[in-house]
Amino acid sequence: MSKRSRYVCQACGAVSGKWSGKCDDCGAWNTIVEEVVPEAAPKSTSAAQGRALKTEALSGAVTQLRRLEAGIREFDVVTGGGLVPGSATLVGGEPGIGKSTLLLQVAGALARKGLPTTYVTGEEAADQVRHRAQRLGLGDAPVRLVAATNVSDILATVESGQPPAMMVIDSIQTMFVDGLDSAPGSVAQVRGSAQALVAQAKRSGAAMVLLGHVTKEGVIAGPRVLEHMVDTVLTFEGERGHTFRILRATKNRFGPADEIGVFTMTAAGLREEPNPSALFLSDHAADTSGTAVFAGVEGTRPVLVEIQALVAPSPLATPRRAVVGWDSARLAMVLAVLEARCGVAMAGRDVYLNVTGGLRISEPGADLAAAAALVSSLTGEPVPAGTVFFGEIGLSGDVRNVAHAALRLKEAAKLGFKSAWVPQARGETDDAGLDVVAIRHLSDLVTRIGGLDADTPVPLRERKVRG
Ligand code: TYD
Ligand code: MG
């Protein structure tokens, strides 16, 4: 029998019959690699070969999910109350972001509660992990450490002793199964290893945590192909140079998705931030132009963050547009609406937008705060002190309501803010304890900041410079 080949994109896992330089599915370049198709004769399927199964009703007794609570609240919240026995969790993130540290802390906490935990390190030597554990104050935690990359060895190891209740694989990209030609880290190996490990978890009832690296471009053999194989996907993110780290659930069969946990990096490991809402506010002077505070919600938690904008005359034919922490397409949209619906033109000017603290905002509710920062920077007029903003901007310039308005206002009041500029001033927003200003159209915002008027060209006043 001749061996057949298939061509697999290492970025997205798409399979095709021929090689090409660019993946048709995800558009990535130079990611397609030849793999030998494992020989498995296709079997025909017919009712005669099967056996009839009994169907069940939706009503009836349900077994309550048991969960492994680490006691690290930010981690437990994100997983939906703790890791679930027999489930598989993928924790993805850029190299160096802190995945190994986080999971060693979780494994250590569970081990100290008397649960058998196994930490498989394929990336670092056992000695390095031991060294880290001591730095984290976990030297005495009874975690069973093993340095291995061959999945058969790992399965044999965990099946020979007391079965672990929780197991960490650091990282899935270093693991390999025998009988596959491709190298560790290739889609075939990542998929094959994960399949075997996830099956082991289901069999033994261990909570399996797979760590996986993603690059900025998402190119190298990706956790992307793993996402549908596991029950829960957590991403660990943060900006280099900032100490905040955010753990986010993007898929969770056992809990809410979109929940976040916030940590601060310290020399002694990750520290929980149970009240993250004020972390992303910089303590700026109230009279600086170009900043606005967004009252956001991440998952179920309110988070207040400062959005900074800088609008400056550009020497370039095509002015720069640079965004950190927000979507550049949304910035382009807000700029277009400001110009087309409110007569505020930023053409000929560079525009920079920055979300402070290294947080990444994906909510459309940040539109109004971004617009306020932009208009304020352009006019040099600060937004009123002690004010928060939220609202989604439509293409017609109308400002739409966003979910959890009451929660946002409550948090802003708690943190000492005095007023809120929001899409609606009635109903949900009534008893917030804040002075609520209704902004129904983007031009309302433009008129209120710096007294701009839709029909006159924008006066570029002298910017206020902080002393
Ligand atoms: P590490 O956990 O190894 O990241 P990853 O497994 O995602 O590649 O962390 C990277 C480096 O940062 C490592 O040298 C330890 C250091 N670090 C701290 O000193 N304190 C912390 O709280 C964290 C998370 C990391
Ligand atoms: Mg690591």
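Placing +1 on each Lys and Arg Cβ and -1 on each Asp and Glu Cβ, with no other charges, gives the chain a dipole about its Cα centre of roughly 680 debye.
Close amide H pairs (under 5 Å, H built 1.01 Å from N) link H441 with V399, residues at least 5 positions away or on another chain.
Relative to one another, the C-alpha centroids of region 114-155 and region 286-336 are positioned 43 Å apart.
Using 0.36 nm per residue and subtracting the Cα-Cα separation, the extra length available between R6 and E124 on full extension is 39.2 nm. Computed over the chain, relative contact order equals 12 percent, with contacts defined as Cα pairs under 8 Å that lie 6+ residues apart. For region 279-450, the Kirkwood estimate of hydrodynamic radius, built from reciprocal distances between every pair of different alpha carbons, is 15.7 Å. Partnerless cysteines in the chain, where a partner means another cysteine C-beta under 4.7 angstrom, comprise C342. Counting only DSSP beta bridges whose two residues both lie in region 279-450, roughly 55 percent are antiparallel. Relative to the longest principal axis of the Cα atoms of the chain, the long axis of helix 126-135 lies at roughly 40 degrees. Between V91, Q173, A206, the Cα set farthest toward the positive side of the dipole of region 73-274 (charges on each charged residue's Cβ, about the Cα centre) is that of A206.
Can you give the angle from 0 to 90° between the axis of helix 151-160 and the longest principal axis of the chain, with both taken from C-alpha atoms, to the nearest 10? Here the helix axis deviates by roughly 70 degrees. At full extension, R73 and S59 could sit 1.8 nm farther apart than now, given 0.36 nm per residue minus the alpha carbon distance.
Zone of A336 (label point 7 Å along Cα→Cβ, backbone N under 15 Å): which residues in region 372-396? Within reach of a label on A336, which here means backbone N under 15 Å from a point 7 Å along Cα→Cβ, region 372-396 contributes 393-396.
Among beta bridges from DSSP that stay inside the chain, the antiparallel ones total about 50%. Computed from the C-beta positions of V36 and A403, the FRET efficiency with R₀ = 56 Å rounds to 0.70.
The count of lysine pairs in the chain with alpha-carbon distances below 29 Å, taking only pairs 8 or more places apart or on different chains, stands at 21. Classify region 1-141 from the C-alpha gyration tensor, please: rounded if a/c falls under 1.5, else prolate or oblate depending on whether a/b exceeds b/c. The shape class here is oblate.
Kirkwood Rh over Cα pairs of the chain into Stokes-Einstein at 37 °C, 0.692 mPa s: D in µm²/s?
Taking Rh from Cα pairs, D becomes 131 µm²/s.
Which shape class, rounded, prolate or oblate, goes with region 255-334 when its Cα gyration tensor gives a ≥ b ≥ c as root eigenvalues, a/c under 1.5 marks rounded, and past that a/b bigger than b/c marks prolate?
Details: a/c = 2.15, a/b = 1.78, b/c = 1.21.
Here region 255-334 falls in the prolate category.
How many angstrom lie between the Cα centre of region 353-375 and the Cα centre of region 62-102? A separation of 29 Å, based on Cα centres. Could you grab the relative contact order for region 67-179? Cα pairs under 8 Å, six or more apart, rounded to a whole percent. Relative contact order here is 28 percent. To test your reading of the geometry: what angle, between 0 and 90 degrees and rounded to tens, separates the Cα axis of helix 99-112 from the longest principal axis of the chain? The angle comes out near 60 degrees. Alpha-carbon geometry of region 73-274: the Rg and the Dmax are 15.5, 47 Å, given in that order. Sequentially through region 378-386, phi angles give Karplus couplings (6.51, -1.76, 1.60; θ = phi - 60°) of 5, 8, x, 9, x, 6, x, 4, x Hz, Gly and Pro residues having no value and appearing as x.
Spacing of the modelled spin labels on A317 and A385, each 7 Å from Cα toward Cβ, amounts to 4.7 nm. Summary of packing: across the peptides 156-163, 323-330, 405-412, the per-residue average of other C-beta atoms within 10 Å ranks them, highest first, as 405-412, 323-330, 156-163.
For W19 and D178 in the same chain, what is the full-extension length gain: residue separation times 0.36 nm, less their Cα-Cα distance, in nm? Write out the running numbers ahead of the final one.
Working: separation 159, 0.36 × 159 = 57.24 nm, distance 2.50 nm.
Going from the current span to full extension adds 54.7 nm.
Read-outs: derived from the displayed coordinates by stated rules, not from any lab. Not measured: the values here are computed from a predicted model. Cβ atoms come from the backbone with ideal geometry, glycine included; neighbour counts cover every protein chain shown.
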